[in-house]
Amino acid sequence: MANDPKRFLRYLEEERKAALLYRSLAHSLEGERQEALLELADIEDRHARHWIAKLTEAGITVPDPPTALQADDAALVARANSFGVDHVLAHLEQAESAATSLYDEEPEAPESMVREEAWHMEAFQRMRTDEPILPIRGALRAPGPDNMEPWHRGDNSGSARAAVFGISDGLVSNTALVMGFAGANPDGRTILFAGFAGLLAGAFSMAAGEYVSVASQRDLFRREIEREASEIANKPEEEQKELELIYRAKGVPRQLAESTAASIMKDPKKALDTLAREELGLNPDELGAPVRVAISSFVAFTVGAFVPVIPYLITSGTLALWLTMLLSSIALLIVGGIVGRLSGRGVVFTALRQFLWGAGAAAVTFLVGSLIGTSTS
């Protein structure tokens with residue numbers, strides 16, 4: 001059976017099934033998760049073409065590709081559509097683990113195919129833990145002495161995260177503040193002053209908080225990397241075994257894992273970089289930039305907090321109040337949509353969620369301001 005070319009039929013069927021399943025699941029998603037599944041499907045198609053070539057070379061008729069999901073895969077897609085893709089990620093991860101083992105003893109399976117199947121499993125692990133992912137067509141990379149970082153996108157400096165949350169916090173908090181003062185019905189200049197005071201206080205507070213947070217995190221990461229460097233220097237054999245086991249756990253064949261780990265450990269600098277990424281989950285080149293994050297947070301909060309102030313710069317009274325509500329509502333929907341696009345949760349869902357929370361906070365503060373204004377008049 002090991003030399004029977006008909007075994008390629010099984011491989012072809014598995015690759016085609018996986019490609020069809022991933023594309024079916026991708027239809028219900030948006031953002032990075034959708035892109036990841038479509039990328040995985042393209043890779044499965046490429047694997048299928050490899051087995052088609054082998055079958056053709058052996059003179060075996062190649063069956064037509066499936067046009068519909070099998071019953072178990074159809075049930076999986078139905079469950080994902082009903083309850084969300086998170087409910088099926090564990091199953092997909094197990095399936096990719098089995099696919100990797102399928103090629104362990106297959107001499108006709110290129111090493112690149114085995115590596116890619118292992119990284120498919122890694123992709124689903126990242127989805128389950130909400131780690132950032134971004135497939136780049138044709139650039140899927142597997143572990144090796146010169147190419148260790150898995151395909152993904154991350155903002156380890158925290159600047160992008162600080163910017164997104166800064167705009168959101170500035171918009172929600174200052175809209176609520178302005179609406180609270182508007183509910184109390186003071187003059188427009190008082191509301192304008194309150195809005196700018198809230199903008200500056202919030203921006204400086206958030207920038208300071210982000211700076212301390214990222215700086216403390218960076219110090220902790222550096223300590224972990226220094227400890228790892230000490231272990232590499234004092235216990236190189238143990239560290240090499242750890243690295244080998246990490247790759248084996250990801251589905252890399254034993255011999256490839258052993259040779260890769262041994263090659264990496266020959267260079268202490270490369271060994272530290274690799275173990276920091278693989279064992280600690282850290283990128284030594286991107287441990288965080290507290291100043292950049294603080295500036296990003298300050299600017300972002302200011303941008304968000306400035307939106308509800310704009311109407312009171314040009315008018316006052318009821319018109320300014322209605323314009324504030326309109327501009328803030330539009331901004332809340334836009335910010336929520338951007339968050340949904342980046343996170344893959346869906347633009348409409350996150351836009352509405354952001355709007356409801358922001359509008360709810362503004363409504364409550366407006367009501368409280370109205371009650372206070374009435375009681376003191």
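Read the figures in this text as sums done on the coordinates, not as results from a lab. Since we're looking at a predicted model, the values are computed, not measured. Every residue, glycine as well, gets a Cβ built from its backbone with ideal geometry; the counts of neighbours run over all protein chains shown.
Using the average count of surrounding beta-carbon atoms within 10 Å as a protection proxy, the listed peptides 228-241, 352-365, 37-50 rank, highest first, as 37-50, 352-365, 228-241.
Straight-distance candidates among the lysines for linking to Lys235, with alpha-carbon spacing under 24 Å and chain neighbours fewer than 8 residues away dropped: Lys250, Lys266, Lys269, Lys270.
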